[in-house]
Amino acid sequence: MAVVKSDTPRLLEAGLKTVFFEAYDAAIVDWERISTVVPSEQDSETYAWLGSVPGMREFKDERMPAGLLEHEYTIKNKTWEASIAVDRAAIEDDLYGQIKLRVQGLAREAKRHIDELVFSMLGKGFTTVCHDGQYFFDTDHSEGESGTQSNKGTAALSASALQSAITAMSKFKDDKGKLLGIIPDVLVVPPDLQWTALELLNSTYYPELIAAGAGEQKLSANPLKGRLDLIVSPYLTDTDNWFLLATKWVVKPVIFQSRVPVEFAALESTSENGFMRDQFIYGVRARYNVGFGLWQTAYGSIVG
């Protein structure tokens with residue numbers, strides 16, 4: 001059957017949907033590394049289960065189920081959209097290549113937006129509460145028998161500050177007073193700190209001078225080399241703050257709550273906009289939001 005002019009918008013939408021999702025899947029983002037994806041079935045979700053689970057014990061006579069500390073931490077979903085208007089004349093003139101580029105840009109923006117939301121949460125962690133009622137980065141977290149614990153520092157990024165943060169995270173305890181075994185594996189910094197971070201993590205020699213004897217200096221091996229992966233995020237607006245994360249836990253530092261995945265749709269000639277303005281509308285829509293995961297998987301240093 002021959003393709004007639006009236007079929008063009010329908011076929012164009014199908015082709016652009018493929019273009020959109022190919023570009024969306026190809027977009028490179030870092031948010032998946034530091035966030036746990038949780039499906040949502042309603043307008044908001046309450047994370048009463050956030051906290052530690054019971055430790056293993058020897059099975060003697062019977063099981064001893066341990067109650068979990070419950071928390072009231074809620075993440076409310078939000079609706080997001082982005083749309084472009086394409087003149088009908090552009091479609092009639094077969095300017096598919098130009099329309100394709102705009103749709104690809106729309107796809108990359110949809111993927112980038114999640115990156116922005118997730119990494120912006122780290123910057124908000126010094127002034128926003130998490131599941132235990134404390135700021136996500138705070139000096140006085142306490143749950144059950146954990147004692148007072150701090151995942152907040154004030155030192156500028158340096159080898160000694162990074163080593164202190166790694167040590168502090170390795171000593172975090174659960175609500176039963178048992179060590180969690182946290183092993184940080186990612187350093188997140190703003191663009192202003194990327195060169196300092198690269199030197200700290202890649203230098204063969206210790207990146208700071210070491211005193212030896214009466215004012216002498218000596219070179220020493222760098223224990224941080226190869227220890228951490230580096231993520232440089234443009235969405236960290238405070239130029240001196242840095243973050244150390246443990247990203248291999250089931251619940252990571254940030255929760256990405258997905259209610260409705262990204263959808264691509266079109267309003268074409270039969271729509272009011274198509275009739276009144278002679279335009280076709282192509283757009284993306286999704287419902288999701290972000291919140292904090294476990295504070296024990298993150299350490300933040302606020303400088304100044």
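The values are calculated or read from the model by the stated rules, or taken from the named source; none is laboratory data. Remember, it's a predicted structure, so these values are computed and weren't measured experimentally. As a convention, Cβ positions derive from the backbone with ideal geometry for all residues, glycine included, and neighbour counts pool all protein chains shown. Just the protein is used for accessible areas: all its heavy atoms, side chains included, with ligands, DNA and RNA removed. Shrake-Rupley method; radii C 1.70, N 1.55, O 1.52, S 1.80 Å.
Numbers for the structure displayed
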quantity: Pick from the stretch 110-169, criterion of a type in the set (Ser, Thr, Tyr) and touching a residue at least 60 places away in the same chain (Cβ under 8 Å), ranking: nearest to Glu208 (Cα to Cα); calculated: Thr154
quantity: Failed item in (1) surrounded by 14 or more Cβ atoms within 10 Å (Cβ to Cβ); (2) at pLDDT below 95; (3) outside any loop (DSSP other than H, G, I, E, B), with Asp115 passing the rest; calculated: (2)
quantity: Of residues in the stretch 265-288 being touching a Phe, Trp or Tyr at 6+ places or on another chain (Cβ under 9 Å) and at pLDDT below 70, the one surrounded by the most Cβ atoms within 10 Å (Cβ to Cβ); calculated: Glu268
quantity: Gly133 vs. criteria under 24 Å from the mean Cα position of the chain (by Cα) and modelled with pLDDT under 95; calculated: yes
quantity: Neighbours by Cβ (under 6 Å, 6+ apart or cross-chain): first from the stretch 287-299, among the hydrophobic types (A, V, I, L, M, F, W, C); second in a helix (DSSP H, G or I) and open to solvent by less than 10 Å² (accessible area, probe 1.4 Å); calculated: Val290/Val118
quantity: Positions within the stretch 157-187 being open to solvent by less than 60 Å² (accessible area, probe 1.4 Å) and in a loop (DSSP other than H, G, I, E, B), in sequence order; calculated: Leu157, Ser158, Phe172, Asp174, Asp175, Gly177, Leu180, Gly181, Ile182, Pro184, Asp185
